[in-house]
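Everything below concerns the one structure shown next.
The values are calculated or read from the model by the stated rules, or taken from the named source; none is laboratory data. In this text, all values refer to a predicted model and were calculated from it rather than measured experimentally. Every residue, glycine among them, receives a Cβ derived from its backbone with ideal geometry; neighbour counts consider all protein chains shown.
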Amino acid sequence: MTTVTDLINVLHRNGVTGGGDLVRLLETSPATLSRLVRAAGNQVVRLGRTRGVRYGLLDEIPTVGSVLPVWEIDGQGDAQPFGNLSVLRGPACWLEFDAGGRFYEGLPPFIADMAPQGYLGRAFPERFPELDLPQRIADWSDRHQLQAVARRGEDVAGNLVLGEESMDRFLTRSIRTTVPDDYPEITRNLARLGAGSSAAGEYPKFTVFDGEHHLIVKFTSGDTSPADRRWRDLLACECIASEVLTAAGYDAARMRIRDVGDQRFLEVERFDRIGARGRRGALSMAALDDDLYGQRDNWIAAARRLGIDGLLPEADVEQVRFLETFGQLIGNTDRHFGNITFFWEPRPHERLRLAPVYDMLPMMFAPATGGMVVDRELQVRPPTSVLLPAWREALRCARDYWSAVAHDVRVSDEFQGVARAALDALHFH
């Protein structure tokens, strides 16, 4: 006679399994399978409600549980139920909502974006020692990421909040207004917490609310070294790129340079926040591509895949082509998949729209490892067939960009010379 133990053992060996396959593996009938699933109670999760239904085993996450509520924060800061996330053996996840559900092999992409990462992520274990998480986020498993997001995820990227503990913290959270004169002390506190450049090289930054907007603030060390002076120029270059692209009709994140003492700060308005408490859904190209395709080849190819699958409008696919081309022409060698983000509307049908441009700057001129400033020249290659449709417009904007850098008072005389050389290189094309 087939028992609940037999069902659990099969699911433990095989992971998420279709109903027909379970009937075959257990050598039983569909009616008996239904009886066994009911008898298993909350150990077994039914994935779906129609034909093709599958089953999986719940996995208990220490201090968090197995089924986590998910809330969506709207533009006014009000919370609405979004669904329930079941953590399955495998590892895998099942997100169930009113209109059905979605199965993920691993963590959903929005969890990947919500989890601590980069410069600020490095300080997370020290900021919250009570969570008893590994000190290096590079050593974290999916379980560790879920624990972090479900317990201290009240102020993460996007507009979702996972878990009751994080939701309670969101509801009671007070939002402090910060002024630029506070910035140096914030950077000193970050240094005491052990935050620093991550293995991937993300730039030092922190987040604040200025009374109107939530900001990501990048900053220099202020030690007046050659590397510090170069980073001051590059923060100005990022701000200028936003200004030039906006003037050309492209949607770029709004930025402002603030100099406080010997430190330079670049304020970048967050596009996933609205006012003090409102939020907007957003997903990075990195999280999306990892979930859907797992290729991470280049921006244009990734946008094309999203367009072919009906997730991204063709106009946005072409804008990504422009950004890839423009980035090459200004020497942005850091065009990784975390530097493109999409506004995300999951219901009633999943839709993406390209979010404002950010992190667009000539990273080829960044200091080398160890802080050495190396003389480099922009090398402009002829366009490939993939870049050709955007080449003329991107070239025009790149010329405007380097001309603006060469004449901007926020840029040092030394780097203005770099900009003039880059402008000369572009005039040969």
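Structure above, values below:
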item: Hits in region 87-97 (condition: farther than 15 Å from V149 by Cβ and either crowded, with 17+ Cβ neighbours inside 10 Å or in contact with an Asp or Glu (Cβ under 9 Å, 6 or more places away or on another chain) (or both)); result: L88, R89, G90, A92, W94, E96
item: Output for region 23-47, where each listed residue is without any contact (Cβ under 8 Å) to a residue 24 or more places away in the chain, more than 21 Å from V87 (Cα to Cα) and of a type outside the set (S, T, N, Q); result: V23, R24, L25, P30, A31, R35
item: Close pairs (8 angstrom Cβ cut-off, 6 or more residues apart or separate chains): under 27 Å from C397 (Cβ atoms) in region 222-249, part of a loop (DSSP other than H, G, I, E, B) and polar (S, T, N, Q) anywhere; result: R229/S412; W231/T220; W231/S221; R232/T220; R232/S412; D233/S412; L235/T220
item: Sole residue being within 12 Å of L160 (Cα to Cα) and either surrounded by fewer than 17 Cβ atoms within 10 Å (Cβ to Cβ) or among the polar types (S, T, N, Q) (or both), chosen from G77, G106; result: G77
item: One residue from R143, R127 being under 20 Å from the mean Cα position of the chain (by Cα), modelled with pLDDT of 90 or more and not small (G, A, S); result: R143
item: Residue match in region 168-179 (condition: touching a residue at least 40 places away in the same chain (Cβ under 8 Å) and part of a loop (DSSP other than H, G, I, E, B)); result: yes
item: Residue under evaluation L171, criteria (1) within 30 Å of R264 (Cα to Cα); (2) surrounded by fewer than 15 Cβ atoms within 10 Å (Cβ to Cβ); (3) of a type in the set (A, V, I, L, M), criterion not met; result: (1)
item: Filter pass, G338 being outside any loop (DSSP other than H, G, I, E, B), within 22 Å of T220 (Cβ to Cβ) and among the small types (G, A, S); result: yes
item: L361 of a type in the set (A, V, I, L, M, F, W, C) and either closer than 14 Å to I240 by Cβ or without any contact (Cβ under 8 Å) to a residue 24 or more places away in the chain (or both); result: yes
item: Residue match in region 365-376 (condition: at pLDDT 95 or above and either touching a His at 6+ places or on another chain (Cβ under 9 Å) or in a helix (DSSP H, G or I) (or both)); result: yes
item: Test for R35: is it among the basic types (K, R), in a helix (DSSP H, G or I) and either modelled with pLDDT of 90 or more or more than 23 Å from the chain's Cα centre (by Cα) (or both); result: yes
item: Complete set of residues in region 275-334 that are in contact (Cβ under 8 Å) with a residue 24 or more places away in the chain, of a type in the set (K, R) and out of contact with any Phe, Trp or Tyr (no Cβ under 7 Å at 6 or more places or on another chain); result: R277, R279, R321
item: Some residue of region 143-164 being surrounded by fewer than 20 Cβ atoms within 10 Å (Cβ to Cβ), touching an Asp or Glu at 6+ places or on another chain (Cβ under 6 Å), outside any loop (DSSP other than H, G, I, E, B) and touching a residue at least 40 places away in the same chain (Cβ under 8 Å); result: no
